[in-house]
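Let me begin by presenting the structure, written as structure tokens, before commenting on it.
The values are calculated or read from the model by the stated rules, or taken from the named source; none is laboratory data. Note that the structure is predicted; figures quoted are calculated from it, not measured. A quick note on method: Cβ atoms are made from the backbone with ideal geometry, for glycine too, and the neighbour counts reach across all protein chains shown. All accessible areas refer to the heavy atoms of the entire protein, side chains included, with ligands and DNA or RNA removed. Shrake-Rupley method; radii C 1.70, N 1.55, O 1.52, S 1.80 Å.
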Amino acid sequence: MTLSRRSFMKTAAATGALTAFAHPVLAQGIRWDMADEYGEQALSGKASKFFLAQLEEKIGDALTITYQGGGALGYNSVDHFDAVGDGAVQAAVTLATQLGGIDPLFNLSSLPFIASTPEEAYLLWQAAREEYAKIFEDNGMVLLWAMPNPPSGINAPEPITSPEALAGLRIRTYDVNGTNTMMNAGAAPLQVAWSDLIPQLSTGGIDAVLTSADGAMQLSLWDYVSDFTELNYAMGLFMCHVNKDEFDALPEDVQTAMMKIIPACDEYNWSIMVDSIQTAYDVMTENGMTVTPDDDVPAEVFAFLQEAGAKVREDWLAQTGERGAAVLARFEELKSQAG
């Protein structure tokens, strides 16, 4: 009989062989790697570092997780689901909108204009968290915490202050929702991974970038484009997930500690996301980039983009069915309670 790695881990955990075989130096602590397509100065990296510091404070060296940022392990976000589920890497922080091909529910946080404030983005995460967790659990993983991106805007050679500014614009998008919305708006979108973005800009493959101000700052986009237009388009989520077999093999006190720090991680992550917005605007301005705030964007631009995104939202509901409808209903309920 041939045992897969996953079935072996389950058998070994049940028999106690895991401790002796998989972790022969358990007395010195268990070692994991955590993959991140983005770097440690990005918000996903800062969120990961906070999580690791909190965990170390609780458990010492019983578990050591090495943060592998900047795609150091050779994985992009789109690869993380299989890599963690199969045990190729024990943990990852993943831009969830890259996983829409696995389950359309992952496209929720990037639906255009569904959450207009950081507070609403948090409520949307809470409304969908249980459904996200089920997807990970069904695929051999445990979902831990989320890190929201700041609101997406458009970095381009000119401000987006009219619908005509989008016509034919060769713009980088980060998922299918953005691609379809920009296409409906008359642009010429191209979905590009974070690691490929600068080569595409420098060679003229794209002219503009749909990303947050923090993303623009991390990549020094002022070297390539002159303007950032604040649109509050969407706040896509990063999610931290770990291999379930590896998690189950941890000592019980380590598992408990890892789960107990999740609320503190979410609170920290939303806090730094909010703080990052003005910081990024200041840095972009200092480097000669013009930031056009949403108050200076004509209402017709938002109406135009809302219309371009309406079909995207309808398609998402059709793909997710009762699950999607239930999540949105829960979101509306949470907003009502918060208001």
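General remarks:
- Cleavage-rule hits (chymotrypsin sites (Phe, Trp or Tyr not before Pro)) in region 111-206: DSSP loop, at most 11 neighbouring Cβ within 10 angstrom: none
- Over the C-alpha trace of region 63-111, radius of gyration and Dmax come out as 11.7, 37 angstrom.
- Global dimensions of the chain from alpha-carbon coordinates: Rg and Dmax equal 20.7, 67 Å.
- Pairs of Cα atoms nearer than 8 Å and 6+ residues apart set the relative contact order; for the chain it is 24 percent.
- Surface share of carbon and sulfur [accessible, 1.4 angstrom probe, percent] for the chain: 49
- Working ranking of peptides 220-228, 302-310 by packing, defined as the average number of other Cβ atoms within 10 Å per residue, highest first, is 220-228, 302-310.
- Within straight-line reach of LYS260, meaning a Cα separation under 16 Å, sit the following aspartates and glutamates at least 8 residues removed in sequence or on another chain: GLU56, GLU57, ASP248, GLU252.
- For the residue pairs LYS244/LYS335; LYS58/LYS335; LYS49/LYS335; LYS311/LYS335, the alpha carbons lie more than 25 Å apart in LYS244/LYS335; LYS58/LYS335; LYS49/LYS335.
- Selection among VAL142, VAL78, THR211 by position relative to the dipole of the chain gives VAL142 as farthest towards the positive end (Cβ unit charges, Cα centre).
- Across the options ALA310, TYR268, THR94, the greatest Cα extent toward the positive end of the charge dipole of the chain (unit charges at beta carbon of Lys, Arg, Asp, Glu) belongs to THR94.
- Both numbers refer to the Cα atoms of region 251-317; Rg and Dmax are 19.9, 57 Å.
- Cα gyration tensor shape for region 124-196, rounded if a/c is under 1.5, else prolate or oblate: prolate
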